[in-house]
Structures are given as structure tokens and as C-alpha cells.
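The values are calculated or read from the model by the stated rules, or taken from the named source; none is laboratory data. Everything numeric in this text was worked out from a predicted model, so none of it was measured. Neighbour counts are summed over all protein chains in view; Cβ atoms, including those assigned to glycine, are modelled from backbone coordinates with ideal geometry.
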Amino acid sequence: MKKVASVLLSTLMAASLVACGTSTSSGTPSAAPAATEAPAAAATEAPTAEPAAAATEEGKVLNIYCWNEEFKSRLEDHFPGYEKVDATSGKIGDVTVKFTITPSTDNAYQNKLDEVLPANASAAADDKVDIFLVEADYALKYTGASPAVALDVKGDLGLTDADLANQYQYTKDVVTADGILRGTSWQGCPGVLIYNREAAKEVFGSDDPETVQAKVKDWATFNATAAEVNAKGYLMTSTVNDAYRVYSNNVTSKWVENGKINIDPNIMKWVEDSKALVDAGYTTTAELWSDDWNKGFYPEGKVFCYFGPAWLINFSMKSDDAASIAAKGGWGAVEGPQGFNWGGTWICGAQGSDNPTLVAEIMKQLTCNESVMADIVKKDSDFVNNKPAMEAAAKDDSYAFAVLGGQNPLAMFTAGADKISMSNITIYDQGCTEEFQKAMKNYFDGNATLDESLDLFYKGVEEKYPELTH
């Protein structure tokens, strides 16, 4: 072991006094909001030099497992004292940071975690996983595992209720199992309805958010408005799958109850509404992220609205293409029929890590330090998991989104984040969602009856999870 924990944290403390609240990033992303100054953040204490966990030595290598480069960029740009070495490694003090990036395609990332985490405690020191990242759809698979594969954020890593006080509750609920918090996140992903301003002017005579919100205020109104929109040559949404998360985030029961597959009434409401919209020609059954889905990002695609969080607005709507609606600031945002959440990334410490103090410090800096998080809002256009930082940004016109024609939607996101509930998540959510959408496409396209499609769904889930019945 190269350094005792207290020496490492002293190094971090000295670096943070210089770097906290600044960024090593050379510039904002092309789709980032036009901003000149960060919102005034409340005073934040410098990192403590006291070890966050009962460890006397730290490892030489901090191994981080993830599925893309998002967390790597946050660590590189915002963690005090981080030094980038190359595309997959860096340094924090005298600790080497190594990223192992395994794409999620074909479940490859989860398969990798399943391979290495159970035996992590007995792995060679330089090979031990220290941090791994998870998404909401499968977070409980790892935070609720028995025996545990993720460290207790409070009991093992020493973070306190005071450290976590300004985080949105739902972000803690996602990674809490049996009352134990086993992860933290720097971001929140509340969503809004994103509408085509030119279409709104053509259909409603105005692109004012109040006018548009009145036309999409609930699902009955939304579906009636689809007829108006279609009469002017527009699809209401690019695909039925655009609205799925809005319905599924507002369920009152779980996908699996007492070992039996359960379909919540709100999920069936999505099926009913979607079938009617498809049959009327008001939307399609295209897959998310497909070329057909992307067409609506351009004027000739003739799509009225999408649903999404800040990351979709700023990074997924082709704002770097001069021909897109986003590049011209042609989108607007309203709350829509219901609040919802889409996405998010959580940091988990791995059982068996020989760097618990550094893991804790990374969690503190990137998910609890208001100054650092305010800088993430400014530099990366993330909606961060810190209420004071987001409330300040919501009141600051310099945080207007260029994609939204100068509109600052952060007040909507902030209000939505407080209403999100993730109390009905299970370890089966990803698989159930994938099988349900796949099965219902047959129904929407007229290739199967509803009962036949439901049978396909049950069969697919029971093959994936043999322990379940219906």
C-alpha cells in the first residue's frame, strides 16, 4: 500500500481549496446553456482531512467500472486535484485511477459486474473494483444483493445525513435496500414535455408555454390535442415509446408482487392510449434511438413533441447539426400531463475495495459539495442532485437553454424532482419493461391481439426470470 488514508485526504483537502468550484474543462458542450457565471452557491465547507472510513491504508489503484464515459468526464473535470493521464486513466495524489468501460449492449456491462463483484474481496490488490456505476432500472440488483456487493454509504464509508441532506429523496430511494443506502448520485433526471415551437404556432396560434401546457395538461387533453396536431400534418409524438416512461413512473404497484408478474393499471393505460393513437395515425411504433425516431428532430420530420430530461434536450436532439430544430432554438418545454424521471447514474462503492476513504471522498465531492455541483450545472448542463444549487440556477436567466430558444426550464425540473417517487422499483424492472414494449409492438402494429401480446410478454419474462409466475 502506498499511502495512509489521512495523508491522501490531506492532499485532497489542499487541492480542493484551490480547485473546488472550478473546472478543468476547456469549454462547455456545444449544446450547453449560454452561461457566463455560476449561480451564487451557499458556502460549502472544505473537505475534511479526517478519514471517511476506518482504514489505515489505501490501495495503489482505484478501479472504476462503468458503461460509458459520463462519470469519467465528471471526475476529470470536477474532482479537486484529479490529473488526467490518458483516455482511460488518471491520478489522484499518488493513486492511479483506472476506468474499465464495458458498453451496456446485450447486457455486457451487467454481465461484467456479475463476474467480478462476488469475488472482489479476494481479487489481487491492484485488480479490486473500488467503484461501479448503476442505472435505476437495475440498481436494486446490486444494492439489494445478498451477500452485499455494494458498500453501505453511511456505515462503511462514513457519509452522514448532513452530507446527504440536500439531495433529492428519490435519488436515495433508488439505491436503498432494507433501509441501507448503498450509492449516491450527482444528478437528477426529472423530465418535461418538449414541444416544437413552430408546430405550436401553426396549430394553436402561439408557442407560449402557458398556451401549450393547457393543451397537454392531462392525458385526456393530450390525446384530444393529438387530433388537432395531426390535422396540421404533425405526429403528436415520434413513437408510442416516447410516452412510456411518463406512464411507468406513475404506477401504484410493482412489476413483481410476491413472486408474480403484475401489470399496473397505469401501464395498461399506456397500452390503451397508445393503441388509439397508432390506429388514428397520430404516432408510430418506432424504436427509441432509431433513425425513424430521430426524424422528428428536424423540421421535415413533423413531430410535435418528445418527453425527456435535461440530458435529452441538451445532448440528444441533434443540436450540433445546423439543419436541426434544436440548432435553431426551436423547441420549448412545459410540464406535460404528468411528472416523471428518465435515467440517472449512481456511484456505488464495491465490497472488497481497498480504497474506501477515496471512494467516500469522491462521493462527497461529486454528490454533496454544492460548489462542485453548481459548477457541473454550469459546465455540463446536468441537472444536479442538490436542491440549493438547482434552485439558484432556476432563478438565473444565464441558465437559459439555447435548444429551447432561451427558455430556462430548470424551475420545472426542480419542481418535478421533488414529486418523483421510486418506491415501486424492483430488480426486474429492466427485463419487464423490455419484454412488455417488445410484446405490445405486435399489438400496436396489428400483428397480434392484446391477449396474444400479453401471453408473449409473460413468456418472455418467465424465460428471463424462471423464478417468476403470473
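Summary of computed values
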| quantity | calculated |
| --- | --- |
| Matching residues in region 226-268 - criterion: being among the hydroxyl-bearing types (Ser, Thr, Tyr), buried (at least 17 other Cβ atoms within 10 Å of the Cβ) and closer than 21 Å to Asp137 by Cβ | Thr239, Tyr244, Tyr247, Ser248 |
| Any chance Phe383 is buried (at least 19 other Cβ atoms within 10 Å of the Cβ), closer than 30 Å to Pro80 by Cα and among the aromatic types (Phe, Trp, Tyr) | yes |
| Number of the condition not met by Met268 [criteria: (1) among the hydrophobic types (A, V, I, L, M, F, W, C); (2) within 26 Å of Tyr458 (Cβ to Cβ); (3) touching a helix residue (DSSP H, G or I) at 6+ places or on another chain (Cβ under 7 Å)] | (3) |
| Residue check for Phe222: assigned by TED's automatic domain parsing to the domain that holds Lys441, buried (at least 19 other Cβ atoms within 10 Å of the Cβ) and among the hydrophobic types (A, V, I, L, M, F, W, C) | yes |
| When residues of region 400-414 are limited to those that are part of a helix (DSSP H, G or I) and either among the aromatic types (Phe, Trp, Tyr) or without any contact (Cβ under 8 Å) to a residue 24 or more places away in the chain (or both), the one farthest from Cys189 (Cα to Cα) | Ala411 |
| Which numbered condition Ala360 fails, given (1) under 22 Å from Cys348 (Cα atoms); (2) at pLDDT below 95; (3) outside the structural domain of Val256 (by TED's automatic domain parsing) | (2) |
| Criterion violated by Asn369 - all others in (1) farther than 23 Å from Thr284 by Cα; (2) assigned by TED's automatic domain parsing to the domain that holds Gly233 satisfied | (2) |
| Subset of region 91-138 that is over 23 Å from Asp156 (Cβ atoms) and over 26 Å from the mean Cα position of the chain (by Cα) - its residue that is surrounded by the most Cβ atoms within 10 Å (Cβ to Cβ) | Lys91 |
| Filter result (touching a strand residue (DSSP E or B) at 6+ places or on another chain (Cβ under 7 Å) and either β-branched (Val, Ile, Thr) or assigned to a helix (DSSP H, G or I) (or both)) within region 369-399 | Met373, Ile376, Val377, Val384, Met390 |
| Some residue of region 433-447 being touching a residue at least 24 places away in the same chain (Cβ under 8 Å) and either closer than 19 Å to Trp186 by Cβ or in contact with a His (Cβ under 9 Å, 6 or more places away or on another chain) (or both) | no |
| Hits in region 292-306 - residues which are more than 23 Å from the chain's Cα centre (by Cα) and touching a residue at least 12 places away in the same chain (Cβ under 8 Å) | Asp292, Lys295, Tyr298, Pro299, Gly301, Lys302, Val303, Phe304 |
| Test: Lys172 is surrounded by fewer than 18 Cβ atoms within 10 Å (Cβ to Cβ), basic (Lys, Arg) and not in a strand (DSSP E or B) | no |
| Single residue of region 40-69 satisfying the filter (farther than 18 Å from Lys364 by Cα and of a type in the set (Asp, Glu)) that is modelled with the highest pLDDT | Glu69 |
| Residue tally, condition not polar (S, T, N, Q) and not in a helix (DSSP H, G or I), over region 416-454 | 8 |
